[in-house]
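Before any comments, here is the structure.
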Amino acid sequence: MAKIELSGIRKTFEGNEILKGIDLAIDDGEFIALIGPSGCGKSTLLRIIAGLETQDSGNVRIDGATVDGVRPSARNLAMVFQSYALYPHLSVFDNIAVPLRMRRLSALQRFPLLGQLFPDRHRIERSIRDDVERVAAQLEITPLLKRKPGQLSGGQRQRVAVGRSIVRDPVGFLFDEPLSNLDAKLRVHMRAEIAQLHRQMQSTFIYVTHDQAEAMTMSNRIAVMIAGHIVQIGAPADVYENPRDLRVAEFVGSPKINVLPGSVGSDGALDALGQRLGLTTSASAGRCSIGVRPERIRLGDGSFAGTVVHLENLGAEAFVHIKHDAIDLPVVARIDHDRPLPVIGSKIAFSFAPDAVRAFDAQGRRIDTRQQAQREKTLEAAFG
């Protein structure tokens, strides 16, 4: 295991600043996911940690030692790529054995014929075979050891790529969107396998993905990267429930959070679509954005109303898209499978509880709110 620390990491490509001063501390044995939209810099950051890219400024430390300028192989970090990076002409066994042979055998010992003349060659190969077979058994790919990568499914290739990383016994694992080439069903299966692997190994995992479902279901913490900055770090549930930035609120969650135009009155009261929400804030008066998750929208009653324009029936749940005249995008509400679905084209009322609201100022920063009743009780207590 390893503690990995990043301080002030900056990187520019062709005059475009990709990373804008990244600070991040990853604990021993932690599983952290770097998530964000394409182009936000998460893969570049991972490659800098691995030593495959050099930062323009800042430091990378592994277990307290600065590794800037240290070659990738000497950092003892294993990287699992999106493309698997397997050698097509080698068997599964030999693909997994490659890093061990590179580390344990000299250049001369690796020659097919000349290497046989070295007395230690057979002993070292036996130790390599033992380690490869141990990892293959752990990943349940022993029957595949004699096959070539072209004879494997996508999931099997992914296991081989992971096996090649595990066999090195690295201090940490770096995953660069490893499941993006798999179909949806296999991605769900591999998510569970990687999470289980982390529980078994208790190694440090850094996982880059744009798929928030992967990040939310596997990691201990997620770091949301947007435009070269880490905007928020925290446990997946906390980032989902308490986004500190409108960009985070819109990126985390599927379907995305509903964002309604709102305002803060001179008395601190909040409204959305012209309706009072029973909430107050100490933020300055002016425009704001009101965020409400689809599962917190209540259908059938309330002071808001619109027209049903689309239905997504997923079996266990459904999503109802409601067009309100005051906004361009429909409001999306999630309902359980046992609720009757409304008819497309029908008028429907909707509402949401005050505690479902996440409010953001004109710059997209989260603003604190409290319920009106609580404020009145506080005033009553203060002034009798």
Quick one: in the range 34-63, of everything that is hydroxyl-bearing (Ser, Thr, Tyr) and within 14 Å of the chain's Cα centre (by Cα), which residue is surrounded by the most Cβ atoms within 10 Å (Cβ to Cβ)? SER43
Is it the case that some residue within the range 98-114 is part of a strand (DSSP E or B) and either at pLDDT below 90 or crowded, with 16+ Cβ neighbours inside 10 Å (or both)? no
Filtering strands (runs of 3 or more DSSP E) wholly in the range 1-46 for at least 3 residues that are farther than 12 Å from THR204 by Cα and assigned by TED's automatic domain parsing to the domain that holds ASN59 gives 4-13, 16-26
Residues in the range 295-324 that are under 19 Å from LEU277 (Cβ atoms) and acidic (Asp, Glu) total 2
When the range 83-97 is checked residue by residue, the ones that are surrounded by fewer than 17 Cβ atoms within 10 Å (Cβ to Cβ) and either closer than 20 Å to PRO178 by Cα or not assigned by TED's automatic domain parsing to the domain that holds ASP130 (or both) are SER83, ALA85, TYR87, PRO88
Checked the range 348-364 for anything surrounded by 13 or more Cβ atoms within 10 Å (Cβ to Cβ) and within 25 Å of the chain's Cα centre (by Cα); matches are ALA356, VAL357, ARG358, ALA359, PHE360, GLY364
What residue, among those in the range 7-21 that are in contact with a Gly (Cβ under 7 Å, 6 or more places away or on another chain) and not polar (S, T, N, Q), is surrounded by the most Cβ atoms within 10 Å (Cβ to Cβ)? LEU19
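The values are calculated or read from the model by the stated rules, or taken from the named source; none is laboratory data. Note that this is a predicted model, so its numbers are computed, not measured. Cβ atoms come from the backbone with ideal geometry, glycine included; neighbour counts cover every protein chain shown.
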